[in-house]
1. Take the residues in region 83-106 that are over 11 Å from the mean Cα position of the chain (by Cα) and open to solvent by less than 10 Å² (accessible area, probe 1.4 Å); name whichever of them is farthest from residue 142 (Cα to Cα).
2. If you check every pair at least six apart or on different chains, which have Cβ atoms under 6 Å apart with a residue in region 159-176 that is at negative phi first and a residue that is surrounded by 15 or more Cβ atoms within 10 Å (Cβ to Cβ) and of a type in the set (D, E, K, R) second?
3. Run residue 134 past the list (1) open to solvent by 60 Å² or more (accessible area, probe 1.4 Å); (2) farther than 22 Å from residue 66 by Cα and report the number of the one that doesn't hold.
4. Which condition number does residue 74 fail, the rest of (1) at pLDDT below 95; (2) of a type in the set (Phe, Trp, Tyr); (3) open to solvent by less than 30 Å² (accessible area, probe 1.4 Å) being met?
5. What residue, among those in region 51-71 that are part of a strand (DSSP E or B) and at pLDDT 95 or above, is surrounded by the most Cβ atoms within 10 Å (Cβ to Cβ)?
6. Take the residues of region 36-50 that are of a type in the set (Ser, Thr, Tyr) and under 14 Å from the mean Cα position of the chain (by Cα): which is surrounded by the most Cβ atoms within 10 Å (Cβ to Cβ)?
7. Pick from region 107-131 the residues that are part of a strand (DSSP E or B) and among the β-branched types (Val, Ile, Thr): which of them is surrounded by the fewest Cβ atoms within 10 Å (Cβ to Cβ)?
Amino acid sequence: PLPTSRGNWLYVGGSGPGNYTRIHDAINNATTGDTIFIYDDSSPYLEQLTINTTLTLIGENQTTTIINSTADEYYTVLTINADDVHLSGFTIVINGGPGVEVFANHTRFSNLTMYSGIHGWSGTGIKLYHVHDTVITDNLIRGAQIAMLLIHATFTSITHNLIVDPGLNGIIVYTS
C-alpha cells in the first residue's frame, strides 16, 4: 500500500506518458505535498539529488530501485533541505560520501537500503545536522564507515533498523 498524498503524483522511469527520465527533473518540478514514485525499470539512477520542497519520494522496490551518485565519486547522494520530506522503498549506494544528509525537520526514512558501493567501508549512511523530529525505521545500512551520524538532532526516533558491518561505528551521537 502506498501512502496518500496531499498533492500530485509524479512518475520517474516508467513507460507511461509524462514520466520523467531523471529523478532530479521530477524533484525540480514538484510542488509542496507532491509524491514522486520511482520505477525500477531505469535503475540504477546515477544522480545527486537535492530536495528543497516538502515531498514524498517512493521507490517501486526497495531492492531494485537504486539511486547512486555519479559513479565512484565522493558526493552526497541525497541532500534534504525541506521540512516534512518522506523517503521510502529504494536503495542508496554510498560511494565515499554520505548517502543522505538532512538539514530539515520532520524527515521520515522507512524501508530503505543503503550500502557501500566501494570495496571496504565507505562514507556515512545518514547524517542529521541541527534537526528536530526525525523518524528512521525499518532500514538496512550495510558497509558504511558510519551508519548514522546525529549532530544536534533532537527528538529522533531510530527503530527496527539493521546495521551490518559498520566500519567505525554504527551510530554516533553528538549533543543530540
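The values are calculated or read from the model by the stated rules, or taken from the named source; none is laboratory data. Since we're looking at a predicted model, the values are computed, not measured. Cβ placement follows ideal geometry from the backbone for every residue including glycine, while neighbour counts extend to all protein chains displayed. The protein model used for the area step is the full one, side chains on, heavy atoms only, and it has no ligands, DNA or RNA in it. Shrake-Rupley method; radii C 1.70, N 1.55, O 1.52, S 1.80 Å.
1. Going through region 83-106, the residues over 11 Å from the mean Cα position of the chain (by Cα) turn out to be 83-84, 95-97, 103-106.
In the following step, the residues that additionally are open to solvent by less than 10 Å² (accessible area, probe 1.4 Å) were identified as 95, 97, 104.
On the way: 95: 12, 97: 14, 104: 24 Å.
The residue in question is 104.
2. If the second residue must be surrounded by 15 or more Cβ atoms within 10 Å (Cβ to Cβ) and of a type in the set (D, E, K, R), the pairs left are 164/142.
3. (1)
4. All conditions pass for residue 74, except number (3).
5. In this case the residue turns out to be 59.
6. Within region 36-50, the first condition is being of a type in the set (Ser, Thr, Tyr), and the residues that meet it are 39, 42-43, 45, 50.
Remaining after also requiring under 14 Å from the mean Cα position of the chain (by Cα): 45, 50.
Working: 45: 21, 50: 14.
Going through the qualifying residues, I end up with 45.
7. In this case the residue turns out to be 113.
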